[in-house]
1. Being in contact with a Ser or Thr (Cβ under 9 Å, 6 or more places away or on another chain) and more than 15 Å from S147 (Cβ to Cβ) is the filter; apply it to the range 201-228 and report the residue that is surrounded by the fewest Cβ atoms within 10 Å (Cβ to Cβ).
2. What tally of residues in the range 242-262 results from selecting those that are under 8 Å from A90 (Cβ atoms) and either out of contact with any helix residue (DSSP H, G or I) (no Cβ under 7 Å at 6 or more places or on another chain) or polar (S, T, N, Q) (or both)?
3. Here are I224, I259, I247: which of them is part of a loop (DSSP other than H, G, I, E, B) and of a type outside the set (S, T, Y)?
4. Please enumerate the residues belonging to the range 245-254 that are over 21 Å from M140 (Cα atoms) and surrounded by 14 or more Cβ atoms within 10 Å (Cβ to Cβ).
5. Which ones in the range 229-243 are assigned to a helix (DSSP H, G or I) and either modelled with pLDDT of 95 or more or surrounded by 22 or more Cβ atoms within 10 Å (Cβ to Cβ) (or both)?
6. Can you give me the ranges of the helices (runs of 4 or more DSSP H) entirely in the range 56-163 with at least 1 residues that are touching a residue at least 24 places away in the same chain (Cβ under 8 Å) and under 19 Å from the mean Cα position of the chain (by Cα)?
7. Test L179 against the criterion of being without any contact (Cβ under 8 Å) to a residue 24 or more places away in the chain and outside the structural domain of A76 (by TED's automatic domain parsing), and give yes or no.
8. Within the range 197-211, can you find the residues that are under 20 Å from the mean Cα position of the chain (by Cα) and either touching a residue at least 24 places away in the same chain (Cβ under 8 Å) or in a helix (DSSP H, G or I) (or both)?
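The values are calculated or read from the model by the stated rules, or taken from the named source; none is laboratory data. For clarity, every value in this text was computed on a predicted model and none was experimentally measured. Reconstructed Cβ throughout: ideal geometry from the backbone, glycine too, with neighbour counts over all protein chains shown.
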Amino acid sequence: MPRAKKPTQDAGPSSGKRKTPSKKTSKQLALYDDNKFETEEAWLVYKNDTSGLGIISEQRVLTSDFENEVLGQVIARNRWETFVATPRVAYVEIVKEFYANIHDNIDNPEHPQYQRVYMRGQYIPFSPLTILRYYGLENMETDVFESANTNPDDVVISICQGIDHWPIGSSTLDYRNLLPQVRTLDKMVSANLLPTTHISTVTMERARLLHWLQTKTLDIGNYIFANVCHIRGNRRCLAFPSLITGICELHGIDLSHEITTVKRTM
């Protein structure tokens, strides 16, 4: 739905003297584009944060290569054939503008910006259901993810070799301790579910997710939505570029003038 134009405000009584805008203000007004950014605050987020961040691209998984391995079993159990297929081409500016425009209240049901993002002059839906539908999974029933309640030592036993407890005083595991079949699963997780560039160490969150996926299903709609909100709030490396670009295109965003594509990591 196109955004309504902002009402013109009365400037009030004139003093007869016009103030010359500072160079900083003039530059700011010249660069701010309300077709690309919902508010000037969103533009500042883009200018100061998201425009300079790197982007982690999704990866394709050839399911035939992992049919009898843990990764293949996880894909089959969750019906993720479309989720791990070749990612569509993603555009850098679309992704960076999207993250800049995500409102702090996108997950607040009582706020007008709940589960929608301003993009190129209109609002597009972005919700767990939107994500599931993009991957053709809207009717998928999943287990309720309870990673926080998982004992760290149980996690280590299920995903590691040579150790049977979480390292004392450490917040991460050494990637080399993962079982070979779990390392393969971790490559997909580190690109498509919990994107990170720090693959040599495994955080508690990632370890618990690897543990969970070996036997249970996961609602990627809610999981990815929560991760996107977290990335926006923490100004870290941007992720899910193909998903974001694809959802934008499905809801009428013109991509014909986009030039710079997101480089694939594989």
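1. T201
2. Within the range 242-262, residues that are under 8 Å from A90 (Cβ atoms) and either out of contact with any helix residue (DSSP H, G or I) (no Cβ under 7 Å at 6 or more places or on another chain) or polar (S, T, N, Q) (or both) number 3.
3. Details: I224 fails: part of a loop (DSSP other than H, G, I, E, B); I247 fails: part of a loop (DSSP other than H, G, I, E, B).
Unique residue meeting the criteria: I259.
4. Across the range 245-254, the qualifying residues are T245, C248, E249, H251, I253.
5. R232, P241, S242, L243
6. Ranges flagged: 92-101, 128-134.
7. Values: without any contact (Cβ under 8 Å) to a residue 24 or more places away in the chain: yes; outside the structural domain of A76 (by TED's automatic domain parsing): yes.
So L179 fits the description; yes.
8. T197, I199, V202, T203, M204, E205, R206, A207, R208, L209, L210
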